[in-house]
Amino acid sequence: MSDTAIDPRYGTKPPKRPLRLSWGDERVRGIVYQILVVGIVGSIAYWLFSNTMHNLEVRRIATGWGFLEREAGLPIAEFLIPYDPTDTYLRALQVGVLNTLKVAVIGIVLATILGTILGVLKLSKNWLVSRVVGAYIEIVRDLPLLLQLLFWYALLQGLPGPRQAIHPATGVFLSNRGLKLPFFEWEGPHNWALLLMLIGAVGTYFYRRAARAKQMADGQPRAIWPAATVMMLVVPLGAWYAMGAPFTPDIPALRGFNFQGGLTVSPEFFALLLGLTLYTAGFIAEIVRAGILSVSQGQWEAAEALGLPRGRVMNLVVLPQALRVIIPPMTSQFLNITKNSSLAVAIGYQDIVSIANTTLNQTGQAIEGIAIIMVVYLTISLSISLFMNWYNSKIALVER
Amino acid sequence: MIDTIRARGQLLCGVSTGLAGFAQPNSQGVWAGFDVDYCRAVAIAIFGTEQNRVRYVPTTAQVRFTALQSGEVDMLSRNTTWTLSRDTSLGLDFTATNFYDGQGFMVKRSLGVTAARQLDGATICVQPGTTTEQNLADWARSVRVNIRPVVIERLEDNIAAYLAGRCDAYTTDVSGLAASRSAQQVPADHVILPDVISKEPLGVLVRHGDQRFADLVRWVHFGLLAAEEFGITAENAAGLATTDNRPEVQRILGRTGGLGQMMGVDNAWMLNVIRTLGNYGEISTRNLAPLGLQRGPNALWTTPGGLQYAPPFR
Ligand SMILES: N[C@@H](CCC(=O)N[C@@H](CS)C(=O)NCC(=O)O)C(=O)O
């Protein structure tokens, strides 16, 4: 492989000809044109900016970022970090960003899993299965997402009230207030255990790489699971035990108007997640199907001739090759999930758009508010793109 | 601004997306309501008639200020509360309070709640971008009641969530509660709790910087009040314009004084408005009495408890 060696052609510079200060010199003209273009674009930008600032000033519309420090006074229903209406707008916006990330990340994972399964099923030899999946894909892709979200939200609101909640197991309640699940009180040692588990996961990854490398060298397969269990389970559990093994169950129970305690999946979050997942899975299914079809029939036949069963042919031979066709369009689906999550405002899930809109309404600072929304989406989208590009180049290189 | 509107031939008026008694299109698509009548009144003052002279732009609570700031509408007549921060930092001006209101709660009768304090632990539906959501948070904090908000942008989705039982209570201005309640199949199934947790002086807004237009909108409101005070109605306005010899009535109806000219419109501006729409009391009775709303603080100052007061027309 030569990707680390520098191509000798790039090592030497072309011979430099001295600049002639004349219009006849192509390079001089080039430089002048470039300065002109940059200058014009720069002055237009400056004019737009100062004009806007001037107009805002004339119309007495507040500007600046001072509002971020002021008390928000907004009620927010769901938050991943502690939040109270007496907190600042900045805090409220952070809560919004995390809410967006929460639904986007979980949505991406679920839509990918569901979409892949559907894409494979659509190619099934079973007439009924492929037709049913085909119809599903057609329907979810043709109906506007907003309509689907409102549909799921209305459906979840149609569940019985808290007093008549569906109650399949201890501490599990399904009602129009959402899904309630038993949990336990989260304390300091749990944070440590979780951290150790994450470190263990990273450790397992490197352990696996090392094991693979050795297998390449001597052909001996090595079991990963004993080390994985120790790193991801035994060590965290041991640490938790050593720290006093705190465990207080937190079982939801109906008190007054509502359930208290336990974990809550709100109807707003659930409807949004469901809508985004089912909708995007339809598109992902088509991408996966196209990817699989792009792998030539010969590959199937060759693998089957080796005696591999169909399922393994798919997993070991076809999908890895299909991935190269699948990844690039997949990136845009992931971006779509993130951007579409802004429809949340229609069904009362307080994502960054909802909170930034309210902020700009309350403070009157529309330009700042929109700028915040843009920066947040740009950052998330670029991160997804960068990650997917990295992943794409990684799988593209595994060619021997 | 008045010239711009005249040149355009139409007044662009921001109203709510549909609130019975305040702004709602009827079955023929014709907008009607208290807030709508203010759009019509200003259009009549400028054009002498309202026929095809108003374009209604429905706005949610969330987008209303941006719509006015950006020039999408000329004025906002949309149950909007006058607050200090809105008056100073939005680049907008409130003209006058045309409806004194306050925030309340509505619950289903079957819930058995009779006072707001009993809502501890309840889930409450509320629209974002309103004073309502901020008051709710303030109130919960000051009376130490725990509430869970459900914040949905569109009014009708909010009501749907409340009706479906997603929320135990719905909160907004009492007038808005009465409007939504009256639109239900069985209004008596819903109770508006007696507690009023805030002051909500509602009024018409215009963009900051055009004082002439602001003056006109403000004085149209005062004209409606003065008409009620002097007993000028839709029916008798034309007659009084020639026969009444009370000096202030003559000035309001444009026979003397040239008040319209001072504002940049025809001297018959208020005569035309009252002839078409009636006075403040008539507008109020036509639109709000069906909701079961009492005049209360919105009675004229001459009635005990009334706050509506017009400065002199001279
Ligand atoms: N007065 C409050 C609340 C105004 C408000 O938006 N009220 C709601 C509920 S009554 C409304 O009118 N919604 C109508 C709509 O969204 O179209 C404010 O100015 O913030």
Legend entry - Flag for residue A:171 being under 30 Å from residue B:163 (Cα atoms), surrounded by 13 or more Cβ atoms within 10 Å (Cβ to Cβ) and not basic (Lys, Arg): yes
Legend entry - Conditions (1) assigned to a helix (DSSP H, G or I); (2) modelled with pLDDT under 95: number failed by residue A:82: (1)
Inset, instruction - Name the residue, out of A:316, A:274, that is assigned to a helix (DSSP H, G or I), surrounded by fewer than 14 Cβ atoms within 10 Å (Cβ to Cβ) and under 28 Å from the mean Cα position of the chain (by Cα). - result: A:316
Legend entry - Residue under evaluation residue B:203, criteria (1) within 14 Å of chain A (Cβ to nearest Cβ); (2) outside any loop (DSSP other than H, G, I, E, B), criterion not met: (1)
Legend entry - So residue A:338, is it closer than 29 Å to residue B:161 by Cα, assigned to a helix (DSSP H, G or I) and of a type outside the set (Asp, Glu): yes
Legend entry - Answer from A:112, A:86, A:116 - the residue that is polar (S, T, N, Q) and over 26 Å from residue A:300 (Cβ atoms): A:86
Inset, instruction - Of the numbered conditions (1) assigned to a loop (DSSP other than H, G, I, E, B); (2) away from chain A (no Cβ under 14 Å); (3) within 17 Å of the chain's Cα centre (by Cα), residue B:198 fails exactly one; give the number of that condition. - result: (2)
Inset, instruction - Please specify each residue of the stretch A:53-71 satisfying the condition of being assigned to a helix (DSSP H, G or I), over 36 Å from the mean Cα position of the chain (by Cα) and not acidic (Asp, Glu). - result: A:54, A:55, A:56, A:58
Inset, instruction - Identify, by number, the condition in (1) polar (S, T, N, Q); (2) closer than 26 Å to residue B:68 by Cβ; (3) assigned to a helix (DSSP H, G or I); (4) under 20 Å from the mean Cα position of the chain (by Cα) that residue A:350 doesn't meet. - result: (3)
Legend entry - Qualifying position, being touching a residue at least 24 places away in the same chain (Cβ under 8 Å) and crowded, with 19+ Cβ neighbours inside 10 Å, among A:248, A:280: A:280
Inset, instruction - State which residue is farthest from the ligand (Cβ to nearest atom) when the search covers only the stretch B:1-58 and only residues that are under 22 Å from residue B:155 (Cα atoms) and of a type in the set (Ser, Thr, Tyr). - result: B:27
Inset, instruction - State yes or no: is residue B:78 touching a residue at least 60 places away in the same chain (Cβ under 8 Å), buried (at least 17 other Cβ atoms within 10 Å of the Cβ), within 13 Å of the ligand (Cβ to nearest atom) and not assigned by TED's automatic domain parsing to the domain that holds residue B:287? - result: no
Legend entry - Residues of the stretch A:283-313 satisfying the condition of being in contact with a helix residue (DSSP H, G or I) (Cβ under 8 Å, 6 or more places away or on another chain) and not in a helix (DSSP H, G or I): A:294, A:295, A:308
Inset, instruction - Quick one: which residue in A:202, A:230, A:120 is closer than 27 Å to residue A:292 by Cα and either outside any strand (DSSP E or B) or not aromatic (Phe, Trp, Tyr) (or both)? - result: A:120
Legend entry - Conditions (1) outside any helix (DSSP H, G or I); (2) surrounded by fewer than 20 Cβ atoms within 10 Å (Cβ to Cβ); number of the one not met by residue A:76: (2)
Legend entry - Hits in the stretch A:85-116 - residues which are of a type in the set (S, T, N, Q) and either under 9 Å from the mean Cα position of the chain (by Cα) or buried (at least 17 other Cβ atoms within 10 Å of the Cβ) (or both): A:94, A:99, A:100, A:112, A:116
Inset, instruction - Scan the stretch B:130-171 for residues that are on the phi > 0 side of the Ramachandran plot and more than 9 Å from chain A (Cβ to nearest Cβ) and jot them down. - result: B:144
Legend entry - Counted residues, the stretch B:59-69 - those being out of contact with any strand residue (DSSP E or B) (no Cβ under 9 Å at 6 or more places or on another chain) and more than 11 Å from the ligand (Cβ to nearest atom): 1
Legend entry - Selection from the stretch B:112-124 of residues that are at negative phi, more than 8 Å from chain A (Cβ to nearest Cβ) and out of contact with any Asp or Glu (no Cβ under 9 Å at 6 or more places or on another chain): B:114, B:118
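Rundown of residues vs (1) part of a loop (DSSP other than H, G, I, E, B); (2) away from the ligand (no atom under 12 Å from the Cβ); (3) surrounded by 21 or more Cβ atoms within 10 Å (Cβ to Cβ); (4) within 12 Å of chain A (Cβ to nearest Cβ), yes/no style:
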{"site": "B:71", "(1), (2), (3), (4)": "yes, yes, no, yes"}
{"site": "B:85", "(1), (2), (3), (4)": "no, no, no, yes"}
{"site": "B:93", "(1), (2), (3), (4)": "no, yes, yes, yes"}
{"site": "B:97", "(1), (2), (3), (4)": "no, no, no, no"}
{"site": "B:100", "(1), (2), (3), (4)": "no, no, no, no"}
{"site": "B:104", "(1), (2), (3), (4)": "no, no, yes, no"}
{"site": "B:110", "(1), (2), (3), (4)": "no, yes, no, yes"}
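The values are calculated or read from the model by the stated rules, or taken from the named source; none is laboratory data. All values reported here derive from a predicted model rather than from experimental measurement. Cβ: placed from backbone, ideal geometry, glycine included. Neighbour counts: every protein chain shown.
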